[in-house]
Amino acid sequence: MAGRGRDAQGMRPQGQRPGGARRKWRVLVVDDSAFFRQSIAEMLNNSGRFEVVGRAADGVDAMAMMRSAMPDLVTLDLEMPRMNGFAFLRWAMSTQPVPVLVFSSHDSHASVFHAMELGAADFMAKPSPRASLEILSLKQELCDKLEQISAVGLKAIAHRSRLLATPVQPGSVQPFGLNGADSSVRLVVIGASTGGPPAVQAILRELPPTFPSPIVIAQHMPPVFTRHFAERLNTQCPLAVCEARDGDTIEPGKILVVPGNFHLTLDGRVPRLHARLLPKQEADRYAPSIDLTMEAAANLLKEGVVGILLTGMGDDGKAGMLAIKARGGHTIAESEETAEIFGMPREAIHAGAVNQVLPLPSIAAALMARTRSSFPS
């Protein structure tokens, strides 16, 4: 059932009236706290960009309001009585899909990635109800995130949700032999932003435990969440995943997630490479920066780098992919058909920085083929 403001295929809201004039996005606010429902509604209604068309205290009320109010966007608390946010997400994505922004309380930080696997487009940390000044400071971030996910591709979300719901078949991927350690692919760098966590997971879960190259993941994400992200990936894929620490070795069978508010660069020489973490500076737009990590890898490892750029808004990763390709490395961008938001891949493709453009389900196989092709005969 298509809601108001979506295109003919029901994929996403467009924010345009028939005559071309911009209209306000219609938002449903779902939270069991009356205080948060009121605070979020006031912020959105006063922004000039959004109109709150319903306020629900739990998933049951939200289901009824979805049918009557026909919102373009939903903000969703995860922990609620009667029907929690996870159950509501399952219902919404199967019957009346819209872009959903999840609010994560301190107790549910680790659960936010499960919500994204179910179809949530993005998330925000929920402040303490007593932190009134902190709540007011959320207005810009809240409005910006809602504006970003208004362009989300709901078909892409549904596709990757189905992908993650399908168990990996034993033996579906041929294991690497012992000579995999001699692969000339010295490092794989994966960059992602909005919609990235389930996309990254979809790739990693397809890799065998003998995958021979180390992997660094630069995912735009706040501090604390990157640790939970690494912990979840560690339970969902056959390789060891952890949040990077300064001085960590870069070695086969190891996946490092760059911590929020830091950048990851490299030092040393093959085979003794180490991660170096640089704190975010005030002028930095993204932390972690995909460009900085990819450029550091390209400068140090030349043709020994594979760069993968996934869903996200903006152009982070474009310069990094250009650097990898210019030094003889290989670059892969997620295609528009599966990217939740095609902004970052599009920028890199238009800049001529991409060797392969592939849908998400094909990226792991392409990565493994690329790594195998570098084995000595």
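Can you find a residue that is at pLDDT 95 or above and within 16 Å of the chain's Cα centre (by Cα) anywhere in region 159-167? No: zero hits.
Among the residues in region 262-274, are any of a type in the set (A, V, I, L, M), modelled with pLDDT under 95, in the same structural domain as Leu300 (by TED's automatic domain parsing) and surrounded by 19 or more Cβ atoms within 10 Å (Cβ to Cβ)?
Scanning region 262-274 turns up at least one residue that is of a type in the set (A, V, I, L, M), modelled with pLDDT under 95, in the same structural domain as Leu300 (by TED's automatic domain parsing) and surrounded by 19 or more Cβ atoms within 10 Å (Cβ to Cβ).
Take the conditions (1) surrounded by 16 or more Cβ atoms within 10 Å (Cβ to Cβ); (2) at pLDDT 95 or above; Arg370 misses just one of them, which is (2). Only one of the numbered conditions (1) in a strand (DSSP E or B); (2) at pLDDT below 90 is not met by Arg4, and that is (1). Just one of the listed residues (Lys318, Lys302) is farther than 14 Å from Val216 by Cβ, surrounded by 20 or more Cβ atoms within 10 Å (Cβ to Cβ) and among the basic types (Lys, Arg), namely Lys318. Among the residues of region 211-265, those that are touching a residue at least 24 places away in the same chain (Cβ under 8 Å), more than 16 Å from Pro279 (Cα to Cα) and either in contact with a Ser or Thr (Cβ under 7 Å, 6 or more places away or on another chain) or in a strand (DSSP E or B) (or both) comprise Pro212, Ser213, Ile215, Val216, Ile217, Val241, Thr249, Ile250, Pro252, Lys254, Ile255, Leu256. Within region 244-251, identify whether any single residue is within 13 Å of Val189 (Cα to Cα), within 17 Å of the chain's Cα centre (by Cα) and of a type outside the set (Asp, Glu), and answer yes or no. No.
Taking region 53-73 as the range and being in a strand (DSSP E or B) and closer than 15 Å to Lys24 by Cβ as the test, the residues that pass are Val53, Gly54, Leu73.
Once region 113-140 is narrowed to residues that are assigned to a helix (DSSP H, G or I) and modelled with pLDDT of 85 or more, the residue that is nearest to Leu76 (Cα to Cα) is Ala115.
Being closer than 15 Å to Ser193 by Cβ and either outside the structural domain of Arg205 (by TED's automatic domain parsing) or in a strand (DSSP E or B) (or both) is a property that Ile332 lacks. With respect to the stated conditions, Ala64 fails to be in contact with a Lys or Arg (Cβ under 9 Å, 6 or more places away or on another chain), surrounded by fewer than 18 Cβ atoms within 10 Å (Cβ to Cβ) and of a type in the set (A, V, I, L, M, F, W, C).
When residues in region 335-348 are screened for being assigned to a loop (DSSP other than H, G, I, E, B) and surrounded by fewer than 21 Cβ atoms within 10 Å (Cβ to Cβ), 3 of them pass. Every condition in (1) in a helix (DSSP H, G or I); (2) over 21 Å from His220 (Cα atoms) is met by Val357 except one, and the failing one is (1). Consider region 147-158. How many of its residues are within 15 Å of the chain's Cα centre (by Cα) and in a helix (DSSP H, G or I)? Looking only at that region, the number is 6.
The values are calculated or read from the model by the stated rules, or taken from the named source; none is laboratory data. Just so we're clear, the structure is a prediction, and the values are computed from it rather than from any experiment. Methodologically, a virtual Cβ is constructed for each residue, glycine included, from the backbone with ideal geometry; neighbour enumeration extends over all protein chains shown.
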